[in-house]
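Here the structure comes first, spelled out in structure tokens, and everything after it is commentary.
The values are calculated or read from the model by the stated rules, or taken from the named source; none is laboratory data. These numbers come from a predicted model, not from an experiment. Reconstructed Cβ throughout: ideal geometry from the backbone, glycine too, with neighbour counts over all protein chains shown. With ligands, DNA and RNA removed, areas are computed over all heavy atoms of the protein, side chains included. Shrake-Rupley method; radii C 1.70, N 1.55, O 1.52, S 1.80 Å.
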Amino acid sequence: MKIFIDTANLDMIREINSWGILDGVTTNPSLIAKENTDTPTRVREIAKIVDGPISAECMATDWEQMVTEGEKLAAIHPNINVKLPMCVDSLKATKILADKGIRVNMTLIFSSSQALLAAKAGARYVSPFIGRLDDIGAHGTDTLAEILQILRNYDQLSDTEVIAASIRNPTHVLEAAELGCDIATIPYNILKLMVSHPKTDEGIAKFKADYEKVNGPSQ
Ligand code: G3P
């Protein structure tokens, strides 16, 4: 499974990129606003750090403006993909952008029918929001499983990759991996949680202490 980081914070992106496990980055308007910047500026900066897909979300609400804005965002760097919120206008814009060779990440996906239509329109990625489904009492990973099954049923939809988004905990990541999801986009704090385990920390401390009993200070 490819691992993306879901943030627009450059320090977090630099740190996780240095781990050697990062395949791409997703941003959204809320994440960009937290950094007090704008999408074109920030994704240009991210593209200098990460060599992989970077999602940049359009703010336009009608399909013609989505196409214009999407073309501008995609022109910033070859790794930029255009994030569009799921609706009728974004389906139309996806078809046009995909025909021009521009990759679209259809976001705010909450149902399998939305994912099916986005894939049919030519979206390169679909992003089901599993955490926000859990928030309203649904089971996000059930929807994720259904989307993966539906897209795998058809060769002509196989170019669409599924991004497990709105991840709230390491279990969401593991459930996505068990389902064979293509990508998980993971917040920085969840990536940090995935690394650590108290028994690992305890084991490192004991090995160091035992070594130093015989050899003196190790560093
Ligand atoms: O970037 C899209 C998605 O991952 C947002 O997650 O935590 O705001 O529901 P969240």
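Tell me what the chain gives for mean residue ellipticity at 222 nm when only DSSP H runs of n ≥ 4 count, each as -39,500 (n - 2.57), the sum divided by the residue total, rounded to 500 deg cm²/dmol.
Calculated at 222 nm, the ellipticity per residue is -15500 deg cm²/dmol.
Beyond 21 Å, what percent of the Cα pairs of the chain remain? Could the numbers behind the result be given before it?
Details: 13450 of 23871 pairs.
The share of Cα pairs beyond 21 Å in the chain comes to 56 percent.
Under the rule of at least 5 residues apart or a separate chain, name every residue whose amide H is placed under 5 Å from the amide H of LYS83.
Here ALA56, GLU57, CYS58, ASN105 satisfy the definition.
Can you work out ³J(HN,Hα) from phi for every residue in segment 56-66, in order, using Karplus 6.51 cos²θ - 1.76 cosθ + 1.60 and θ = phi - 60°, giving whole Hz and x for Gly and Pro?
10, 8, 6, 9, 4, 10, 10, 5, 5, 5, 4
Which cross-chain or sequence-distant (5 or more) residues have an amide H under 5 Å from the amide H of THR27, H modelled 1.01 Å from N in plane?
Correct list: SER55.
Can you tell which of LEU193, ILE3, ILE21 lies farthest toward the positive end of the dipole of the chain, using +1 and -1 charges on the Cβ of basic and acidic side chains (Lys, Arg; Asp, Glu)?
Checking the options against the dipole of the chain, the answer is ILE21.
What is the set of long-range amide H partners of GLU161 at a cut-off below 5 Å, with H atoms built 1.01 Å from backbone N?
Amide H to amide H, under 5 Å and 5 or more residues apart or across chains, GLU161 pairs with TYR125, VAL126.
Within segment 1-81, which chymotrypsin sites (Phe, Trp or Tyr not before Pro) sit in a loop by DSSP and count at most 15 neighbouring Cβ atoms inside 10 Å?
Filter output for segment 1-81: TRP19.
Residue by residue through segment 70-79, what is 3J(HN,Hα) from phi via Karplus (6.51 cos²θ - 1.76 cosθ + 1.60, θ = phi - 60°)? Round to whole Hz and write x for glycine and proline.
x, 4, 5, 5, 5, 6, 5, 6, x, 8
When the Cα centres of segment 2-68 and segment 160-202 are compared, how far apart do they sit, in Å?
Segment 2-68 and segment 160-202 have Cα centres separated by 18 Å.
As an exercise, use a Förster radius of 30 Å and the Cβ-Cβ distance of ASP62 and SER111 to find the FRET efficiency, rounded to the nearest 0.05.
E(calc), rounded to 0.05, equals 0.85.
Output the 0 to 90 degree angle, nearest 10, between the alpha-carbon long axis of helix 39-49 and the longest principal axis computed from the alpha carbons of the chain.
40 degrees
List the lysines whose Cα lies under 30 Å from the Cα of LYS72, skipping any in the same chain that are fewer than 8 positions away.
LYS2, LYS34, LYS48, LYS83, LYS92, LYS95, LYS100, LYS120
Pop out the ³J(HN,Hα) list for segment 145-156 in order, Karplus 6.51 cos²θ - 1.76 cosθ + 1.60 with θ = phi - 60°, rounded to Hz; leave Gly and Pro as x.
Listing the rounded values in order: 4, 5, 4, 4, 4, 4, 5, 6, 6, 10, 4, 6 Hz.
For LEU151, what charge total do you get from the other residues with a beta carbon under 11 Å from its beta carbon, if Lys and Arg give +1 and Asp and Glu give -1? Could the numbers behind the result be given before it?
On the way: positive: LYS120, ARG152; negative: GLU146, ASP155, ASP159, GLU161, ASP182.
So the surrounding residues net to -3.
At 1.4 Å probe size, put LEU97, LEU193, LEU22 in order of accessible surface, largest to smallest.
Largest to smallest exposure gives the sequence LEU193, LEU22, LEU97.
Express in nm, to one decimal, how much length is gained between ILE21 and THR200 on full extension, taking 0.36 nm for each residue of separation and deducting their alpha carbon distance. Walk me through the numbers on the way to the answer.
Values: separation 179, 0.36 × 179 = 64.44 nm, distance 1.96 nm.
Taking ILE21 through THR200 to full extension adds about 62.5 nm, to one decimal.
Could you work out the local net charge near ALA75, counting Lys and Arg as +1, Asp and Glu as -1, over the other residues with Cβ closer than 14 Å to its Cβ?
Details: positive: ARG44, LYS72, LYS100, ARG103; negative: GLU69, GLU71.
Residues close to ALA75 contribute a combined charge of +2.
What nm distance separates the two modelled labels at ASP38 and VAL88, each placed 7 Å from Cα along Cα→Cβ?
Result for the modelled spin labels: 3.1 nm.
Between 0 and 90 degrees, rounded to the nearest ten: what's the tilt of helix 112-121 against the longest Cα principal axis of the chain?
Computed tilt is about 60 degrees.
Taking the Cβ of ALA165 as the center, what net charge do the other residues with Cβ under 11 Å away carry, scoring Lys and Arg +1 and Asp and Glu -1?
Combined, the nearby Lys, Arg, Asp and Glu give +2.
Could you give the nm distance between label points at ALA75 and ALA138, where each point is 7 Å from its Cα heading toward the beta carbon?
So the two model labels end up 3.7 nm from each other.
Just to make sure I understand: if all protein chains stay in place, what is the order of HIS197, HIS77 by accessible area at 1.4 Å, largest first? It would help to have the intermediate numbers written out before the result.
Numbers: HIS197 95, HIS77 55 Å².
My answer, sorted largest first, is HIS197, HIS77.
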